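Visitor: Take this structure first; my questions come after.
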Amino acid sequence: MSLMVDSFGRKVEYLRLSVTDRCDFRCVYCMTEDPCFLPKDHVLHLEELAWIAQAFTELGVTKIRLTGGEPLVRTDCDQLVSLLGKLPGLTDLSMTTNGSRLTKFAKPMFAAGLKRLNISLDTLNPTLFTQLTRNGKLDRVIDGIDAAIAAGFERIKINAVILKQQNDNEVIDLVDFCRDRRLDIAFIEEMPLGEIDERKRARHCSSDEVKAIIESRYPLQLSNKRTGGPARYYTMADSPIHIGFISPHSHNFCHECNRVRVTVEGQLLLCLGNEHAVDLKSIVREFPADIERLKAAILAGINLKPKQHDFGNHQVQILRFMNATGG
């Protein structure tokens with residue numbers, strides 16, 4: 001049972017833990033084309049990440065998702081997975097990845113104890129893929145997805161951000177790709193994080209619009225599937241996969257938020273949509289063996305968790321980019 005209950009009665013049982021702000025892609029909705037990454041001494045060490053994760057599990061967190069940047073650019077990520085996999089009470093250890101390095105790391109990550117993968121894939125058009133990621137190669141990601149399937153990962157989920165007049169004509173193609181490989185898929189509304197020039201264009205595509213496109217081909221039925229995250233899932237009569245929608249703009253899900261984030265700088269973020277944060281890194285480095293002090297700081301921070309975010313009119317609320325926030 002979680003000891004972390006915010007001032008609105010929500011239990012916090014889910015931690016998204018960023019292990020790096022670096023990435024081998026430069027996706028247009030995530031960062032600038034020429035990002036400035038953190039110096040290494042600003043980044044939490046392996047043992048510090050594990051120590052923070054232990055504090056959260058002792059407070060009742062049962063689910064941890066490793067995020068980035070791209071987690072697999074961190075060479076000691078498999079060691080972290082091994083450490084976290086041994087934490088009592090942790091029942092779900094997963095990772096969000098762009099998939100580009102899974103041909104190399106899918107097997108060792110699965111062997112180390114990683115349970116699930118979310119893999120980002122916004123288009124099946126190789127040219128558009130390179131444009132959206134600014135430097136990525138589609139075939140590497142598809143090979144990585146197939147490597148993850150072969151390694152034994154189950155319940156793999158594809159994450160897709162749909163942008164008007166860019167990839168909104170590929171919604172059915174992405175669904176068919178997942179049907180063929182028996183992968184779940186979640187369509188995510190773009191979030192207004194960071195000052196990104198491309199966002200000034202009218203490119204927002206709502207979950208309702210994406211759902212209508214899918215239902216022009218495949219009727220959807222609401223599912224009772226829940227993963228602990230914000231997605232609402234639907235099924236199709238002729239396929240075992242689930243289709244999810246994450247809708248921070250059009251369908252606010254804050255009333256049931258059960259998650260917090262820790263950035264790779266050790267900032268405890270209480271909400272994706274505002275700047276409330278608690279500095280955990282300073283506690284870990286000044287009092288490296290005092291887990292009770294760390295837990296007290298976490299509990300105090302939970303009281304600052306706001307009732308909801310406000311992404312009204314799709315305006316930029318937050319100046320930190322998604323790669324610095326953690327997915």
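Visitor: Scanning region 132-153 for residues that are open to solvent by 50 Å² or more (accessible area, probe 1.4 Å) and in contact (Cβ under 8 Å) with a residue 40 or more places away in the chain, which turns out nearest to E190 (Cα to Cα)? Give the derivation first.
Guide: From region 132-153, those open to solvent by 50 Å² or more (accessible area, probe 1.4 Å) are 134-135, 137, 139-140, 143, 146, 149-150; that's our starting set.
From what is left, the residues that are in contact (Cβ under 8 Å) with a residue 40 or more places away in the chain are 134-135, 140, 143, 150.
Values: R134: 17, N135: 20, R140: 24, D143: 26, A150: 31 Å.
In this case the residue turns out to be R134.
Visitor: Right, here's the next one. (1) closer than 20 Å to I246 by Cα; (2) surrounded by fewer than 21 Cβ atoms within 10 Å (Cβ to Cβ); (3) of a type in the set (D, E): which one isn't true of D122, the others all being true?
Guide: (2) is the only condition that D122 fails.
Visitor: With (1) touching a residue at least 60 places away in the same chain (Cβ under 8 Å); (2) of a type in the set (K, R); (3) open to solvent by less than 50 Å² (accessible area, probe 1.4 Å) as the list, and K11 as the residue in question, which single condition is left unmet?
Guide: (3)
Visitor: When you go through Y14, Y29 one by one, which is the residue that is hydroxyl-bearing (S, T, Y) and modelled with pLDDT under 80? I'd like the intermediate steps shown before the answer.
Guide: Numbers: Y14 fails: modelled with pLDDT under 80.
Sole residue among the options that is hydroxyl-bearing (S, T, Y) and modelled with pLDDT under 80: Y29.
Visitor: Does L84 satisfy being of a type outside the set (G, A, S), over 17 Å from the mean Cα position of the chain (by Cα) and open to solvent by less than 10 Å² (accessible area, probe 1.4 Å)? First the steps, then the outcome.
Guide: Numbers: of a type outside the set (G, A, S): yes; over 17 Å from the mean Cα position of the chain (by Cα): yes; open to solvent by less than 10 Å² (accessible area, probe 1.4 Å): yes.
Taking the combined requirement at face value, the residue satisfies it.
Yes/no per residue for (1) free of Cβ contacts under 8 Å to residues at least 40 places away in the same chain; (2) farther than 29 Å from L132 by Cα; (3) in contact with a strand residue (DSSP E or B) (Cβ under 8 Å, 6 or more places away or on another chain):
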{"residue": "S18", "(1), (2), (3)": "no, no, yes"}
{"residue": "A55", "(1), (2), (3)": "no, yes, no"}
{"residue": "G60", "(1), (2), (3)": "no, yes, yes"}
{"residue": "L66", "(1), (2), (3)": "no, no, yes"}
{"residue": "D78", "(1), (2), (3)": "yes, no, no"}
{"residue": "S82", "(1), (2), (3)": "yes, yes, no"}
{"residue": "K115", "(1), (2), (3)": "yes, no, yes"}
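Visitor: Same structure, new question: Could you count how many residues in region 53-80 are open to solvent by 10 Å² or more (accessible area, probe 1.4 Å) and assigned to a helix (DSSP H, G or I)?
Guide: 6
Visitor: A further question on this structure: Quick one: in region 187-232, of everything that is open to solvent by less than 50 Å² (accessible area, probe 1.4 Å) and basic (K, R), which residue is modelled with the highest pLDDT? Give the derivation first.
Guide: The first filter runs over region 187-232 and keeps only residues open to solvent by less than 50 Å² (accessible area, probe 1.4 Å), leaving 187-194, 196, 198-199, 203-207, 210-211, 214, 218, 220, 223, 225, 227-231.
Restricting the remaining residues to those that are basic (K, R) gives 199, 203, 211, 225.
Details: R199: 47, R203: 76, K211: 97, K225: 78.
Filtering region 187-232 for residues that are open to solvent by less than 50 Å² (accessible area, probe 1.4 Å) and basic (K, R), the one modelled with the highest pLDDT comes out as K211.
Visitor: Which numbered condition trips up H45, out of (1) out of contact with any Pro (no Cβ under 7 Å at 6 or more places or on another chain); (2) within 22 Å of E189 (Cα to Cα)?
Guide: H45 satisfies every listed condition except (2).
Visitor: Is it the case that L304 is touching a Leu at 6+ places or on another chain (Cβ under 7 Å) and open to solvent by less than 10 Å² (accessible area, probe 1.4 Å)? Don't jump to the end; show me each part of the working.
Guide: Numbers: touching a Leu at 6+ places or on another chain (Cβ under 7 Å): yes; open to solvent by less than 10 Å² (accessible area, probe 1.4 Å): no.
No; evaluated as a whole, the condition is false for this residue.
Visitor: Please go through (1) farther than 24 Å from K104 by Cα; (2) modelled with pLDDT under 95; (3) crowded, with 19+ Cβ neighbours inside 10 Å for P39 and return the number of the only condition it doesn't satisfy.
Guide: It fails just one condition, (3).
The values are calculated or read from the model by the stated rules, or taken from the named source; none is laboratory data. None of these values were measured; they are calculated from a predicted model. With ideal geometry, Cβ positions are generated from the backbone for all residues, glycine too; neighbour counts draw on all protein chains shown. Side chains included, ligands, DNA and RNA excluded: accessible areas come from the protein's heavy atoms. Shrake-Rupley method; radii C 1.70, N 1.55, O 1.52, S 1.80 Å.
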